[in-house]
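The values are calculated or read from the model by the stated rules, or taken from the named source; none is laboratory data. Please read all numbers here as calculations on a predicted model, not as lab measurements. Every residue, glycine among them, receives a Cβ derived from its backbone with ideal geometry; neighbour counts consider all protein chains shown. SASA here: full protein model, heavy atoms, side chains in, ligands and nucleic acids out. Shrake-Rupley method; radii C 1.70, N 1.55, O 1.52, S 1.80 Å.
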Amino acid sequence: MAFRFQRRIRLAPGVRLNLSKRGLGLSVGPRGASLSMGPSGVHGHAGLPGTGLAYRRKLIGGGGPRRKGVSGASAAASGHAAALKAQLDEGGSFEVQLAVEEGGQVSYFHADGTPLSSDEVRVLRRHAEDSIREQLRAHCERLNADLDRLGRLHEETPPLESLGYATRDFGEPPPPPFQPQPSNWRHAIWSPARRRLEEENRQRRADFDEQYRAWEWRKAEHDAAEFSRHLRESDGVWDDPDAMEQTLSERLEEIDWPRETLINFDLGSDVRTIAVDIDLPCEEEMPDRYWGMPPKQLRLTPRKLSATRQRELYRDHVHGIAFRVLGAVFARLPAVDEARISGYRQIPDPATGGQRDQYLYSVKVRRDQWERIHFDRLDQVDPVASMEAFTLRRDMTKTGIFRDIEPLKLV
């Protein structure tokens, strides 16, 4: 029997390359001290970490009658900046969010999302230039790493040797052992105190027993699921279509896809062949710039990729997706001897004004052909050229311009 599986695999938040995303956190000053600003004024906070001891002191007003007009707002902003400077001069801390805009400019926000005034930004830059620069440099490296990974997705493909089942341990530790509250001289001479201590220890013991039983239940459920998975991935994947479906779907979900990916697959009637359709991302989803950081400025500078380089990046990425899926199929489904992978994207249809599927490639790969790949040298493998070593349908220029093809069918 044949079956179909369809799954939409979405990016985790913060992975997609967005030019205006926020999320760079910065803390200036020692742990335990902070500064907050709001309608009630500016307050300083300080505490001794780990002790629960803290104090809060109002630094600048709020609560009284507000002065209207530009001069009043300007005076308040200057007061906040002065309070910030005083706090940082005294070794206090300040939390700020940095947002990198499309042109590389950096905007500064309080932890609650309200923007810093220009006076506050100047104060912050004077006191924390090195910290801000370090955060921006790390952010720049992450952006470029995300871009580079698009063209090297195939390098993460597992070798066939990873076919074996690996048991996953229960990761949750048991509750800490029960420790009764010790008695002292007061409990020995005062019976009410002794009875209260005994009652508290009985309650602590009951709470521990309940927590431990709940932990044992969770561990037993995990172990039972792992045993079921062991049977499925060790035996069922050879001839049980349901086991094969679940195993491949889990493997595809485990892959850290850099872009949203939708995959359909059909097993042949004898489970020795499989056809996979991949709904590929469109070219517009590819980044169009690299990022750098000027040596004397607190900002990022974008360097736009050429149209040819963008097409090459897209070409490498969509072929890398096929390579990655083939790796999952052959590593997790040992009964499959032949896989047919077809990739398509959505493009405008001038005949209807809607969208239609455009197939970019369709490739047929046998297991013995796949075994010839040197998985220890994937950094030297070109995913585009690798597809050409198999039975391939594709109409593409050298720079990655695709034309329609008819995909291979599963007989």
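Looking only at segment 280-289, decide whether some residue is under 19 Å from Leu147 (Cβ atoms), more than 24 Å from the chain's Cα centre (by Cα) and either open to solvent by 50 Å² or more (accessible area, probe 1.4 Å) or not basic (Lys, Arg) (or both). Within segment 280-289, none of the residues are under 19 Å from Leu147 (Cβ atoms), more than 24 Å from the chain's Cα centre (by Cα) and either open to solvent by 50 Å² or more (accessible area, probe 1.4 Å) or not basic (Lys, Arg) (or both).
Being within 26 Å of Asp239 (Cβ to Cβ), in contact (Cβ under 8 Å) with a residue 60 or more places away in the chain and either within 29 Å of the chain's Cα centre (by Cα) or open to solvent by 60 Å² or more (accessible area, probe 1.4 Å) (or both) narrows it down to one of Leu313, Leu333, Leu408, Leu378, so name that one.
Within the list Leu313, Leu333, Leu408, Leu378, the selection yields Leu333.
Set side by side, the residues Glu156, Glu134, Glu120, Glu129 differ, and just one is within 24 Å of the chain's Cα centre (by Cα) and closer than 30 Å to Glu95 by Cα, which is Glu134.
Any idea which residue in segment 261-279 is most open to solvent (accessible area, probe 1.4 Å), counting only those that are hydroxyl-bearing (Ser, Thr, Tyr) and farther than 19 Å from Leu153 by Cβ?
Of everything passing the filter in segment 261-279, Ser269 is most open to solvent (accessible area, probe 1.4 Å).
Is it the case that segment 359-366 has a residue that's among the charged types (D, E, K, R), surrounded by fewer than 21 Cβ atoms within 10 Å (Cβ to Cβ) and closer than 30 Å to Ala166 by Cα?
Checking segment 359-366: at least one residue is among the charged types (D, E, K, R), surrounded by fewer than 21 Cβ atoms within 10 Å (Cβ to Cβ) and closer than 30 Å to Ala166 by Cα.
Only one residue in Ala166, Ala188, Ala193, Ala224 is open to solvent by less than 50 Å² (accessible area, probe 1.4 Å) and out of contact with any strand residue (DSSP E or B) (no Cβ under 8 Å at 6 or more places or on another chain), so which one is that?
From the options Ala166, Ala188, Ala193, Ala224, the qualifying one is Ala193.
Scoring Ala243 on the criteria (1) open to solvent by 10 Å² or more (accessible area, probe 1.4 Å); (2) without any contact (Cβ under 8 Å) to a residue 60 or more places away in the chain; (3) over 26 Å from Asp357 (Cα atoms) leaves a single failure, condition (1). From the list Pro258, Pro295, the lone residue that is in a loop (DSSP other than H, G, I, E, B), buried (at least 20 other Cβ atoms within 10 Å of the Cβ) and modelled with pLDDT under 90 is Pro258.
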